[in-house]
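The values are calculated or read from the model by the stated rules, or taken from the named source; none is laboratory data. All figures in this text were calculated on a predicted structure; none of them were measured in a lab. Cβ coordinates were reconstructed from backbone atoms using ideal geometry, including for glycine residues, and neighbour counts include every protein chain displayed. In case anyone asks, the SASA skips ligands and DNA or RNA and just uses the protein heavy atoms, side chains included. Shrake-Rupley method; radii C 1.70, N 1.55, O 1.52, S 1.80 Å.
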Amino acid sequence: MPRGGVVENKRFRINQFIRVPEVRLVDSDGTMMGVVKTTDALARAQIKELDLVEISPQASPPVCKIVNFSRLKYEMDKKEKEAKKKQKISRTKEVRIRSRISAHDLEIKIKHARSFIDGGDKVQLTAMFSGREMQHKDLGIKIMDKIKEALSDIAETEGRISSMGTRVFLTLVPKKKVK
């Protein structure tokens, strides 16, 4: 009975689903058998009680290998999971400040931002203004420059300081570590 399978979002043609007259055959032990008729390759796979899997359909002629398809699928899934484990997910953390922040509170905000950056996350500084503070956005920008200077040893800016409505934004990203 013919089987089919999906591996890494690719549709592998196996056994009777291979519809080309000739294939380049690789044996189960990795030996190159050369170009053979598809029916002969399928017969060899059935003798060994394995599957004929089309590995490289773009080649001319397509490359097929005699393998256990379920084992191949398992190993490819395992590799995909390993690759996902090694990926670093970067999140954006927000630190909000006001233009009238006290010196001690500013130190605490810098400490929080430093811990986020050390953890590998981006930090978005947001200066918020209300009422008459809107006329003195330069005070908020000066505070952001202080924070940027305090974190310059571990972070660099991503883009420029931007303003939207009653808020001013600046994004800091961890510096690339030189190995």
TODO: Take Thr31 and decide whether it is polar (S, T, N, Q), buried (at least 17 other Cβ atoms within 10 Å of the Cβ) and modelled with pLDDT of 85 or more.
DONE: no
Task: Pairs where the first residue, in segment 66-77, is farther than 21 Å from Asp40 by Cβ and the second is of a type in the set (D, E, K, R), C-beta under 7 Å, 6+ apart - done: Met76/Glu8
Open item on the list: Can you tell me which residue is least open to solvent (accessible area, probe 1.4 Å) among those in segment 111-153 that are in a strand (DSSP E or B) and more than 11 Å from Arg98 (Cα to Cα)?
Closed with: Val123
TODO: Identify all residues within segment 88-104 that are in a loop (DSSP other than H, G, I, E, B), basic (Lys, Arg) and more than 15 Å from Met144 (Cα to Cα); write none if there are none.
DONE: Lys88, Arg91
Task: Single residue of segment 59-87 satisfying the filter (assigned to a loop (DSSP other than H, G, I, E, B), closer than 17 Å to Lys37 by Cα and not aliphatic (A, V, I, L, M)) that is nearest to the chain's Cα centre (by Cα) - done: Pro62
Task: Qualifying positions in segment 72-106 - under 24 Å from Ala155 (Cβ atoms) and either of a type in the set (Val, Ile, Thr) or surrounded by 12 or more Cβ atoms within 10 Å (Cβ to Cβ) (or both) - done: Ile89, Thr92, Lys93, Glu94, Val95, Arg96, Ile97, Arg98, Ser99, Ile101, Asp105, Leu106
Task: Selection within segment 155-166 - in contact (Cβ under 8 Å) with a residue 24 or more places away in the chain and either closer than 20 Å to Ile101 by Cα or loosely packed, with under 15 Cβ neighbours inside 10 Å (or both) - done: Glu158, Ser163, Thr166
Task: Leading residue by the ranking (surrounded by the most Cβ atoms within 10 Å (Cβ to Cβ)) among those in segment 11-28 that are assigned to a strand (DSSP E or B) and more than 33 Å from the chain's Cα centre (by Cα) - done: Val23
- [ ] Could you tell me which numbered condition Ala45 fails, if it satisfies all but one of (1) in a helix (DSSP H, G or I); (2) surrounded by 15 or more Cβ atoms within 10 Å (Cβ to Cβ); (3) within 32 Å of the chain's Cα centre (by Cα)?
- [x] (3)
